[in-house]
Structures are given as structure tokens and as C-alpha cells.
Amino acid sequence: MARAVGLPGWHSMRKDELIRALVNHAKRTAKKGGNVRTATAILGDDAKANGRSARRSKEQERLRQLRSQLAESRQLRTTGEQEENRNVQDRLVVMVRDPYWLHVYWELNPRSVERAQSALGQHWHATRPVLRLFRVAGDGAAELQREIAIHGGVSHWYVDVQTPPQQFRMEIGYLTANGQFYCLARSNTVTTPPAGTSDSVDENWADIDQNADRIFAMSGGYSDRGTSLELQELLEERLQRPMGTPMQTRFGGGAARALTGEQELPFAVDAELIVFGVTDANAHVTLQGEPVPLRPDGSFTVRMSLPDRRQVIPVIASSPDGVEQRTIILAVERNTKMLERVTRDPGV
């Protein structure tokens with residue numbers, strides 16, 4: 001209609017602005033004594049009217065699709081109907097990927113999201129799903145680090161963390177515009193390893209089966225305090241095998257029976273010491289009095305045995321002209337203990 005009456009600037013107007021502009025244009029035209037074009041004259045015959053109706057239907061359908069997409073972006077992914085019928089419990093599981101990344105996985109019952117919608121009431125339409133990251137101190141106190149906005153349709157997320165090693169736990173829920181948070185599930189507590197001690201497992205976690213024990217261990221599975229039941233249940237469901245210490249789970253009764261004979265299980269452990277450093281490329285370096293070859297960039301690496309005792313290892317670097325000398329002393333002690341063999345009853 002705006003195009004038909006020649007209304008200027010109609011391209012950038014919204015619907016309510018267009019209506020007001022058309023009404024004002026009609027009033028101005030009436031005052032000037034001009035011919036006011038009716039809706040029938042603008043739209044033409046019935047064919048044009050039908051075309052407008054079809055366009056209106058398409059616009060309504062687009063509007064429904066946009067509303068649906070908006071609802072999906074806010075709606076956290078929940079479990080399916082079969083799981084709902086089994087009364088699946090909400091769970092949020094955190095796994096350690098490496099010192100700087102956590103992998104978060106969740107399963108939510110649709111009824112939990114419905115309860116959140118009812119509890120938040122009028123604030124529901126302005127909510128957004130978020131993950132909350134907490135840093136856990138040694139005394140168990142949790143400090144909120146940040147809130148991570150997520151979108152619907154997914155059931156896992158990668159979270160970057162800093163300053164390893166640290167303890168973390170997470171929460172998932174809805175955050176309103178006024179800062180109110182409705183929690184749906186809380187996670188287990190994990191500890192990231194020191195930087196440089198663990199490589200990336202896999203960028204896409206496609207080989208989680210091969211690295212499950214490592215993920216389980218980095219997430220606290222073999223520690224004295226143990227891991228969360230949610231993490232253990234998740235891995236056991238995905239891998240179809242029990243998780244835990246090898247004596248209790250992986251090898252089973254058959255392997256245990258094989259160890260009950262006269263032959264003892266062979267087992268030996270040794271250790272070596274690697275000393276590395278860097279200095280001027282033309283310097284002279286000795287370790288325990290022995291010269292150490294330098295690389296072109298001045299770096300060096302020495303691999304040496306580590307006996308079962310205390311060692312004092314002096315490392316000396318002299319400048320190319322022999323004027324300056326620097327000494328660093330390493331004190332290293334190895335204390336190896338061999339505990340008594342433990343034999344378990346295969347039937348236990």
C-alpha cells in the first residue's frame with residue numbers, strides 16, 4: 001500500500017510506522033480535496049487480494065518459524081520421551097580435556113525445564129541458558145568465575161580455563177535479565193593437571209573409547225577422593241564397560257584366576273633423570289664435571305640414570321672468553337619402595 005500511494009521512506013519503516021504514515025497520508029489527501037485511494041483501489045481485483053492474503057500467510061509462517069527458532073535457542077536440550085518415561089535424572093558432568101580445557105556434558109529431563117519456566121514466571125521470556133564456572137578452593141569454598149551463554153539444541157560444551165592446576169565445578173540453568181539464576185543441575189568437581197604434563201586427548205573426542213581411562217583419571221577417577229557417580233555412570237553407559245581401578249573392573253575374574261597360579265606377575269619399574277637448559281651458544285657447559293654439547297641455539301639436554309639415593313648435580317656454564325662463570329646445583333633424591341604382593345580371590 002505504501003508503494004502504491006508513493007509514500008516516501010517506506011523501505012525503512014516498521015509495520016506500526018507504516019500504518020501511521022498511511023493514515024496521515026490519507027488525511028492530508030482528504031484535506032486537499034484529492035481522491036482518497038481506498039484499499040480496494042490499491043489492491044485491485046480479487047486476484048491481487050488473494051495474492052496479498054498469500055503473502056500474509058507466508059509472513060505469518062516466517063514469524064512462527066522465527067519464534068520457534070528463538071524458543072529453541074533458549075530451550076536447553078533435554079532427554080527424549082523414552083528416557084523421560086524412565087524418569088532419568090538431571091545430570092551435568094565435567095571432564096578434563098587438558099590443563100586449559102574442560103568438556104561439559106549434560107542430560108536434562110523436560111519436566112525440569114518446565115519447572116524452571118513456571119518458577120521464573122514473567123521473567124521466562126527474557127531468560128537465556130548459561131553455564132556457570134566456579135573455582136573451588138582448598139577448603140571447598142566455590143568462587144564464581146564467569147557465566148557462559150550457550151544455545152539450545154546441544155548437549156555438551158567446551159570451556160576454557162586458566163592458571164592450572166585448579167579445581168572447578170559447574171552449574172547449568174537459566175539466567176534472567178535482572179540477574180536471577182535458576183539452577184537445573186550441578187556438576188562434579190575436577191582438577192586440571194599442571195601445564196605441560198598432559199597433551200590434548202583429541203580435538204573432537206572421537207576416540208573417547210581409547211582415552212576413556214585417561215579422561216577418567218584426569219577427572220579424579222583414580223584419586224583418593226574418587227570421582228562423581230555422574231561421570232562414572234556416563235562413561236560406563238557410553239563404553240559399555242565398568243570404570244574404576246583395574247583390580248576392581250577391567251580385568252575381571254578370568255584374569256584374576258590366571259594370576260592365582262604359582263607364577264608371579266612380572267613387574268619392574270625404573271626411572272631416569274633428564275636435565276635440560278639453555279645458555280649462550282658459544283659457552284662451555286659441564287654437568288658433574290663432564291662437558292655437555294650445546295645445540296646451535298645454546299640449548300642442551302642430558303639424560304642420565306637416577307639411582308636409588310640422593311644426588312647433588314652441579315651444572316656449570318662458562319662464558320666464551322672464560323671471564324664469567326655461573327653454577328646451578330640440582331639436588332635430587334629417589335626413594336623406591338616395593339610393597340608386598342596382593343592376591344585377590346577371583347570369585348570376590
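Rule-based calculations on the coordinates, nothing more; no lab input. A quick note: this is a predicted structure, and the numbers were derived from the prediction, not measured. Don't worry about glycine lacking a Cβ; one is built from the backbone with ideal geometry, like all the others, and counts go over all protein chains shown.
Potential lengthening of the chain between Gln166 and Tyr100 amounts to 22.8 nm, from the contour at 0.36 nm per residue minus the alpha-carbon distance. Of the residues Val159, Pro99, Val136, the one whose Cα sits farthest towards the positive end of the charge dipole of segment 97-161 is Val159 (charges of +1 on Lys and Arg Cβ, -1 on Asp and Glu Cβ, taken about the Cα centre).
The string of couplings for segment 130-140 from the Karplus curve (6.51, -1.76, 1.60, θ = phi - 60°) is 9, 10, 10, 9, 10, 9, 9, 7, x, 8, x Hz, one whole number per residue in order, with x for Gly and Pro.
When the alpha carbon coordinates of segment 272-333 are projected onto the principal axes, the ranges are 38, 21, 14 Å, largest first. Between the beta carbons of Gln145 and Val278, assuming R0 = 45 Å, the FRET efficiency works out to 0.80 to the nearest 0.05. Once both labels are positioned 7 Å from their Cα atoms along Cα-to-Cβ, the gap between Arg64 and Gln89 label points is 4.1 nm. Between Glu17 and Ser319, the distance separating the two model label sites (each 7 Å from Cα on the Cα→Cβ line) works out to 7.4 nm. Taking amide H positions as modeled 1.01 Å from N, with prolines and chain starts lacking one, the residues under 5 Å from Ile150 and 5 or more places away or on another chain are Val130, Leu131. The gain in end-to-end length when the Lys27 to Phe267 segment is fully stretched comes to 76.6 nm, 0.36 nm per residue minus the alpha carbon separation. Taking amide H as placed 1.01 Å from N in the peptide plane, the amide H of Arg97 sits under 5 Å from that of Leu102, His103, each at least 5 places away or on another chain. Segment Gln311..Arg3, full-extension length gain: 101.8 nm, with 0.36 nm per residue of separation and the alpha-carbon distance subtracted. Listed values for segment 118-123 are Karplus-derived 3J(HN,Hα) couplings in whole Hz (6.51 cos²θ - 1.76 cosθ + 1.60, θ = phi - 60°), namely 5, 5, 7, x, 5, 7, and x replaces Gly and Pro.
Backbone amide hydrogens, once placed in the peptide plane, bring Ala185 within less than 5 Å of Ile172, excluding anything fewer than 5 places away on its chain.
Placing dummy labels 7 Å off each Cα toward the beta-carbon, the span from Ala54 to Thr327 is 9.6 nm. The calculated FRET efficiency for Ser118 paired with Ala177, based on their beta-carbon distance and R0 = 22 Å, is about 0.80.
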